[in-house]
Amino acid sequence: MSSAVVSTSAALGRPFAFDGEISAIKKQSKITPASVIPASRLEIRPAPEMVPSGIPAIDALTGGLPRGCLTEICGPASSGRTTMLLAALAAATRRGEFCALIDASDALDPQSAFAAGIELDRLLWVRCGEETQPGCPISRTSFAREVGKASQSAFDFDRTRWKENVIGEKASRHSEHRLEQVLRATDLLLESGGFGLIVLDLSDLPPQAARRVPLTTWFRYRRTIEHTPTILLAIEQHPIAGSCSSLLLKLDLLKNELLKNEALHATQIFRPTHAQLFTGLDISAELISRLDRKPARSVAFATKTAWAG
Amino acid sequence: MFACIYVPNFLVAAALRAEPELKPRPVAILEGKPPLETIIAVNENASRLGIAPGMTKSQAELCTELALRPRSPLQESSAHAALLDCAQSFSPCVEDTTCDTVLVDLAGMESLLGSLPEISRALCDRAAVLGLNANVAVASNPDAALLAARGLFGVTVIPSGDEAARLGSLPIKVLFANQLDEEEKKQSDLRLETLARWGIRDLRALAALPKVSLSERLGQEGLRLQQLARGATSRTLVPMEEPMLFEESIELEHPIVLLEPLAFLLNRLLEQLCTRLGSRALCTQELRLTLDLENFSLFNQQSKINNQQFVRTLRLPLPMLDPKVFLKLLQLDLNAHPPGAPILKIHLAAEPARPRSAQGGLFLPPSPEPEKMELTLARIAGMVGENKVGALELLDTHHPEGFRMQRFVAEAPQTNPRETNTDSASDLADETSAVTALRRFRPPLRANVTLENNQPVHLACRKKEVQGDVLWKAGPWRFSGDWWEREAWSRDEWDLALRNGETISFYRVVRDLLGGGWFVEGMYD
């Protein structure tokens, strides 16, 4: 700005009235012309490289997932968040990249991961939460043992209210502990580098626990992955990263078909249960925010179960 | 040509290699049973203060600056192994002459490693890197090189034919330096006394004696000594064929209780081990730490303990050679599995392995650095548990939780993307629709299911979100397996859509046919 003013006045051959003021300000603030960069010369941040998310409909909506950026995918239960997570992991591992899944609630289903097409050798799975036996088969004995503790303490509808409060506090502490593990593991993996996709699965964390993550943490994560090929993907119930996320998608379940089924059920024109098959979910995806600030749009897509053929 | 590497004052050198901070101080090595310990070796600083071999411990203790150390066979064997590694890093033909002397055949080495002075300087430098100050001498025959290394300080190169002149100035004692047996020592003392009476002080004088007269007085041994003094003997090396053992040990005077001081000692041992491995162009894929503990009764029963020993084995996915990484990994491991008793002795062994040869492609996606990744995994494992971080491996079973965790290796074999497309799993995940994922509840949630005509109509669960009226249902699908094992399972699976207020969610609900009861196994998401 300053250099433009000086050159213009010199060309006209007469000094502007504020030229003197500018030089006085320069003297006072000790700003040299070389240290002032005109806004026109500021480096334009290059647009991030977009890579396929594994779901063509989502790619059509967003252009893919941006590298070196934080992407948030939020939605309620059964809204297709995990499906999208697995699709993104499958696409990344198929590209030959190493991926990490930081699973806050130890909820990954290995069969689903395999069916989604993830190359399991390239996926690092961090299972946060309580200590349990890995891959422990549910058997006649162990099944009852596993659920026994929980059922004795929690599954009793006749318990008094104070007992529920105690359980609630325990659950809250447990959520905080898991969240702490997730954040520390994410820090370590981001520092380690070399991953193409790092996914934070916070889907099962209560929204009040997830909101406790300080905004500075998300800024730190964004800063760490900036100028790297790593995609940081966070899956949650509600958006929590604020302006740190470059892409925010909201997923939801399309309920029209289900409500139609309910109406059919009410009129008794319904097939028996064993003649029905759960074949997938109908999902709607809404683009809430993106770097280029394009207007919000939405798209619908269907998922199908591994046995649906 | 032959090179001899000789470590003068080996006992002190071995102690100083284990404790390098003692180098500027006067040091004396003790041997014998208390209270009859005597000094057997001293360094130059100690001899300046008047400390000499043969003094008792109580006499030496009058000198307050003196660092007294008991003789440690472990340290000596480590130092000797380091000396052999130094020699073998230059030539495959090495003779293990004595504990402080090693002979190296340099035939054909000049074209590979440079001129003889350069090779001998490199040998000296390599020994210094391994913590040993050595004299190096190069000569046309092994014995001349040996005598020169023992008699001349630093690096010496004797041109062929010049042996007699260069060795002439050496004292006659160097000829009898390697007699270690009592009987041989006695004999050599007698000969030394005889030569001293004749006025023979150096090798030049011995070399000048007439052969016949010497033979008449000292026999064949006299002639052999004269040949040695002239540097005119010729013999072949006896190459050593020992298995490559990379082990370092420290015996502690006072037991260590905290892990922090242990880290300093481990760091020293690791650096020595890595230098030795590096000198042979090797890496390691397995580190074995053995700690001798003081108090057996207080041991942590969960640890692997054999005869008052605490053993930890660190297996690495790839061959590595970075002492800092090893130290951090050992620290993390010991933090997770503390020894549980004061430590008396540290023994560290490395299993040698060939360095990995990896050819990175220009257009391949980046992958995590294996060393960094190993540290990161160890840190995460310390946080979430050992078996809760790694890569998935599906088991050959129909069991719903049929998988196990395996070590995550950041250097997976590069597969052709076209090949992976032929996978059956990839066929399922075609480009048009994504595969519906299941989110598992671990452990499964026990549920109260209201049935109507043997079909679920309402589900209640301790989790408030997972309950409501059944809006849609499919099933039951019966599964069973492992009936021949104790861990048999049999169940009916239902896919249910639950309406909870305004929200509708899909769940997999299971009826356990053997144990009884209903469980919510997971949510479709």
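Within a straight-line Cα-Cα reach of under 12 Å, B:LYS388 can be paired with the following aspartates and glutamates, leaving aside sequence neighbours fewer than 8 residues apart in one chain: A:ASP103, A:ASP106, A:GLU130, A:GLU131. Think of chain B as having a plus end and a minus end, set by charges on the Cβ of Lys, Arg, Asp and Glu; of B:LEU147, B:PHE264, B:ALA122, B:LEU147 sits farthest toward the positive end of this dipole. Placing a label point 7 Å from the Cα of A:ARG212 along the Cα-to-Cβ direction, the residues of region A:91-107 whose backbone N falls under 16 Å of that point are A:104-105. Note on A:LEU101, B:LEU170, A:LEU232, A:LEU197: ascending count of other Cβ atoms within 10 Å places them as B:LEU170, A:LEU101, A:LEU197, A:LEU232, the fewest first. Taking only DSSP H segments of four or more residues, each worth -39500 (n - 2.57), what value at 222 nm results for chain B once the sum is divided by all its residues, to the nearest 500 deg cm²/dmol? After summing the helix terms and dividing by the residues of chain B, the value is -9500 deg cm²/dmol.
Mean per-residue shielding of peptide B:465-471 is 2, counting Cβ atoms of other chains within 10 Å of each Cβ. The alpha carbon centroids of region B:437-481 and region B:204-254 are separated by 87 Å. List the pairs from A:LYS250/B:LYS473; B:LYS33/B:LYS57; A:LYS250/B:LYS463; B:LYS324/B:LYS372 whose alpha-carbon separation is above 19 Å, in the order I gave them. Pairs exceeding the cut-off: A:LYS250/B:LYS473; A:LYS250/B:LYS463. Helix B:211-230 and the long axis of chain B differ in direction by around 50°, with both axes built from C-alpha atoms. If R0 is taken as 25 Å, the Cβ-Cβ distance between B:ALA232 and B:GLU182 corresponds to a FRET efficiency of 0.25. The string of couplings for region B:193-201 from the Karplus curve (6.51, -1.76, 1.60, θ = phi - 60°) is 5, 4, 5, 5, 5, 6, x, 7, 10 Hz, one whole number per residue in order, with x for Gly and Pro.
Taking other residues whose beta carbon is less than 15 angstrom from the beta carbon of A:ARG211, and scoring Lys, Arg as +1 and Asp, Glu as -1, yields -3.
Between B:HIS458 and B:LEU259, residue separation times 0.36 nm minus the direct Cα-Cα distance comes to 66.0 nm.
A dipole drawn for chain B from +1 and -1 charges on Cβ atoms has a positive end, and of B:TRP472, B:PRO171, B:HIS398 the residue lying farthest that way is B:PRO171. Shown for A:THR216, A:THR71, B:THR97: other C-beta atoms within 10 Å of each C-beta, ranked fewest to most, produce the order A:THR216, B:THR97, A:THR71. Using only side-chain charges placed at the Cβ, +1 for Lys and Arg and -1 for Asp and Glu, the dipole size of region B:53-197 relative to its Cα centre rounds to 400 debye. Cβ-to-Cβ counts within 10 Å put B:MET373, A:MET84 in ascending order as B:MET373, A:MET84, the fewest first. For region B:136-268, the Cβ-based charge dipole about the Cα centre amounts to some 1060 debye (Lys, Arg positive; Asp, Glu negative; other atoms uncharged).
The modelled label-to-label distance for the pair B:GLU19/B:ARG315, using points 7 Å beyond Cα in the direction of Cβ, is 3.8 nm. Modelled spin-label separation between A:ARG223 and B:ASN267, with each label point placed 7 Å from Cα along the Cα-to-Cβ direction: 2.9 nm. For a paramagnetic label modelled on B:SER160 (point 7 Å from Cα along Cα→Cβ), amide N atoms under 19 Å away belong, within region B:92-108, to B:104-108.
Hey, got the dipole for chain B? About the Cα centre, +1 on K and R Cβ, -1 on D and E Cβ, debye to the nearest 20?
920
Straight-line cross-link reach from B:LYS464 at under 17 Å between alpha-carbon atoms covers these aspartates and glutamates, not counting any fewer than eight positions away in the same chain: A:ASP156, A:ASP158, A:GLU164, A:GLU169, A:ASP204, B:GLU502, B:GLU521. Rounded to the nearest 10 degrees, the angle from helix B:142-151 to the longest Cα principal axis of chain B is 80 degrees.
Any aspartates and glutamates with Cα under 20 Å of the B:LYS173 Cα? List them, leaving off those in the same chain fewer than 8 positions away. In chain and number order, the partners are B:GLU44, B:ASP100, B:ASP143, B:GLU163, B:ASP181, B:GLU182, B:GLU183, B:GLU184, B:ASP189, B:GLU193, B:ASP202, B:GLU221. Once the Cα atoms of helix B:323-336 and of chain B are each reduced to a long axis, what angle between those two axes, in degrees from 0 to 90 to the nearest 10, is obtained? Taking Cα atoms only, the helix is inclined about 50 degrees.
Laboratory data are not the source of any read-out in this text; all were calculated from the coordinates shown. As the structure is a computational prediction, the values presented were derived from the model and not from experiment. Please note: Cβ atoms are built from the backbone with ideal geometry, for glycine as well, and neighbour counts cover all protein chains shown.
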